[in-house]
Amino acid sequence: MKTQVLIVGGGISGLSTAWWLAQKGVAVEVWEAAQRPGGKIRSRREAGYLTEDAAALLVNFRPQVDLLVSRLGLDQDKQRRDDSLNRYIIHNNRLTRVPMLMPALLASPLWSLPAKLRLMAEPFIPKGSHTGETVSGFIRRRLGQEILDTTMDAFISGTLASDPDLAEAQSVLPRLTALEQHYGSLTMGMFINKVIRRRQTNRADTFSFSGGMEQLVQAIASSPGITIRTGIKATTIRRQDNGWRAEGTSSSGTTHIQVPQLVLSTPADISSQLLEATDERLGKLLADIKYAPVGVLHLGIKSRNIQHKLDGTGFLVAKHNRLAINGNLWMSTLFPHRAPPEQALLTCYIGGVQRPEQLQQSDDKLTGMVLDNLRPLMKIKGEPDYVKVERHYQGLPLYHGQYRARLAQISSRLDTMPGLQLNANYIDGVSVRERIYQGQRTAQTVAASLRSGNCDCYQQQMLTPSH
Ligand SMILES: Cc1cc2nc3c(=O)[nH]c(=O)nc-3n(C[C@H](O)[C@H](O)[C@H](O)COP(=O)(O)OP(=O)(O)OC[C@H]3O[C@@H](n4cnc5c(N)ncnc54)[C@H](O)[C@@H]3O)c2cc1C
């Protein structure tokens, strides 16, 4: 069957879009510049460890993700996080448990009495406007400065490599900002969703796979109906004959294709380069999207050399702690067979928008810095038996400034270019969950356009915020 859709970029954004299209019987081809599909997601087995270059787990509440995992036949390979594991934050230079239930919250040393009272007053705070509001502004307004400094800062720094003073609340906390809009209060909204509407919500499920996250991308890539062409780098795209023509290079020369529908799932700077000849303004809007560099340092350490019980998922670090790490996942506690027997695998995240210069340091220097932080926190003695460093110089897109306004401008440029879509992690969420979900939405729009022969209806839908 003639290819109907070309997807440029074989990371999870491109692969999931291809998979959803293939489910609809659409002939789809993916061009991936690297020699393997998966993009940033990559699991490596070495010296008895299973490490992740980027995404380590999937935090899911979307039925679309369950459906994809199930149809890929991966249910039996799922490794679930034990929900009873503690979550920690660094507070007063110590690992401090994050309370997950109201009684524990009231007893927690994490927040002072005024902070707890402030939290309880949240339902009485009038609803505000979110337009252009930063995470700091939003959390300070709803929950107070202390909860921002101790907790939300750590979440934004540790999971998004970002800065709450710069990140746009509606872009990075869409579910929380929606709670305020719908219920006038975050705490009331959570209560109503959890207690009153319990049956309607899809429970969050945190998991990886026995082969690591690589198993997911490889399973998608080898699904029937998807043609993956690795080692092909798209070099130019242009509109032609009511569709799009793409050219690419590979080790065996140049190639080209003409398709009715084109999806760009490349990082923003690459999409900018590919599009600037077609639409200079769109190229500029994409070029201005910034990324945080993120480093990942894996440490294999003898369990007996770590005094801490490792009874949690790991910990996050707010910027005021001035540590070298943004977060730490205890992978050997989270999932089985991540480290050899009697060894622990700790995965540390460094760099981010707070400390981009860290990625320039040598592996030895980084390891020393990270160990200096970890030793007093977790009472570690001796040296690690295994060290592995991965550097992503363009790690995560930063949803900074008036980000939704930027996306709206991108959307209006796309309105003039039927048959073209953008689906990548700089739009509507960086997580693997959101990438799979957005893949489905993109595929729906592409399929509808193919059916109607009319391609100019989808961009608005694609950029509509989801919660
Ligand atoms: C360190 C780190 C930890 C993370 N941890 C988690 C986590 O635990 N859970 C979670 O849900 N998410 C996590 N994420 C986020 C998640 O992994 C990413 O947002 C997601 O994998 C990005 O997928 P993507 O397809 O949008 O982009 P990418 O993976 O960057 O894929 C883009 C692809 O485009 C290809 N490409 C580029 N140029 C061209 C060209 N000209 N022609 C053809 N192909 C091209 C690239 O080779 C690449 O394969 C993490 C991210 C990082 C960096």
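Being more than 20 Å from Tyr291 (Cα to Cα), of a type in the set (A, V, I, L, M) and surrounded by 22 or more Cβ atoms within 10 Å (Cβ to Cβ) holds for only one residue in Leu398, Leu420, and it is Leu420.
Taking the conditions (1) outside the structural domain of Phe335 (by TED's automatic domain parsing); (2) charged (D, E, K, R); (3) within 16 Å of the ligand (Cβ to nearest atom) in turn, Lys78 satisfies each one other than (1). Considering every residue within region 276-291, establish whether at least one is of a type in the set (Gly, Ala, Ser), in contact (Cβ under 8 Å) with a residue 24 or more places away in the chain and not in a loop (DSSP other than H, G, I, E, B). No, the conditions are met nowhere in region 276-291. Among the conditions (1) more than 15 Å from the ligand (Cβ to nearest atom); (2) farther than 30 Å from Arg413 by Cβ; (3) assigned by TED's automatic domain parsing to the domain that holds Thr227, the only one that Lys309 does not satisfy is (3). Entry remark, region 211-250: residues being more than 24 Å from Arg441 (Cα to Cα) and either free of Cβ contacts under 8 Å to residues at least 40 places away in the same chain or open to solvent by less than 50 Å² (accessible area, probe 1.4 Å) (or both) number 11 in total. The C-beta contact set for region 140-161 (first residue free of Cβ contacts under 8 Å to residues at least 12 places away in the same chain, second residue of a type outside the set (S, T, N, Q), distance under 7 angstrom, 6+ apart or interchain) comprises Arg140/Leu148. For beta carbons closer than 6 Å, sequence separation of 6+ or different chains, a first residue in region 16-34 that is closer than 9 Å to Val5 by Cα and a second that is at pLDDT below 95 and more than 14 Å from the ligand (Cβ to nearest atom), the qualifying pairs are Ala27/Met1; Ala27/Thr3; Glu29/Thr3. Just to be sure, is Arg71 within 16 Å of the ligand (Cβ to nearest atom) and modelled with pLDDT of 95 or more? Against the criterion (within 16 Å of the ligand (Cβ to nearest atom) and modelled with pLDDT of 95 or more), Arg71 does not qualify.
Kindly establish whether Gln394 is in contact with a Phe, Trp or Tyr (Cβ under 8 Å, 6 or more places away or on another chain), closer than 27 Å to Leu50 by Cα, within 16 Å of the ligand (Cβ to nearest atom) and not in a helix (DSSP H, G or I). Answer is yes for this residue.
Please verify whether region 53-61 includes one or more residues that are outside any loop (DSSP other than H, G, I, E, B), among the acidic types (Asp, Glu) and at negative phi. No - not one qualifying residue is present in region 53-61. Restricting region 1-59 to residues that are over 23 Å from Ile237 (Cβ atoms) and hydroxyl-bearing (Ser, Thr, Tyr) leaves a set whose member that is farthest from the ligand (Cβ to nearest atom) is Tyr49. Of the listed requirements (1) touching a strand residue (DSSP E or B) at 6+ places or on another chain (Cβ under 7 Å); (2) in a loop (DSSP other than H, G, I, E, B); (3) at pLDDT 95 or above; (4) surrounded by 12 or more Cβ atoms within 10 Å (Cβ to Cβ), Leu110 misses just one: (3). Among the residues of region 251-275, those identified as closer than 17 Å to Gln240 by Cβ and either open to solvent by 60 Å² or more (accessible area, probe 1.4 Å) or away from the ligand (no atom under 15 Å from the Cβ) (or both) are Thr254, His256, Gln258, Pro260, Gln261.
Among the candidates Ala115, Ala154, the residue that is over 25 Å from the mean Cα position of the chain (by Cα) and either open to solvent by less than 40 Å² (accessible area, probe 1.4 Å) or closer than 30 Å to Ile380 by Cβ (or both) is uniquely Ala115.
Of the residues His320, His298, His337, the single one that is open to solvent by 10 Å² or more (accessible area, probe 1.4 Å), of a type outside the set (A, V, I, L, M, F, W, C) and at pLDDT 95 or above is His337. Does region 177-194 contain any residue that is within 16 Å of the ligand (Cβ to nearest atom), out of contact with any strand residue (DSSP E or B) (no Cβ under 9 Å at 6 or more places or on another chain) and not hydrophobic (A, V, I, L, M, F, W, C)? Looking for residues that are within 16 Å of the ligand (Cβ to nearest atom), out of contact with any strand residue (DSSP E or B) (no Cβ under 9 Å at 6 or more places or on another chain) and not hydrophobic (A, V, I, L, M, F, W, C), one finds none in region 177-194, hence no.
The values are calculated or read from the model by the stated rules, or taken from the named source; none is laboratory data. Just so you know, these numbers come straight off a predicted model, no measurement behind them. Methodologically, a virtual Cβ is constructed for each residue, glycine included, from the backbone with ideal geometry; neighbour enumeration extends over all protein chains shown. Just so you know, the surface numbers come from the protein's heavy atoms only, side chains and all, with ligands and any DNA or RNA stripped out. Shrake-Rupley method; radii C 1.70, N 1.55, O 1.52, S 1.80 Å.
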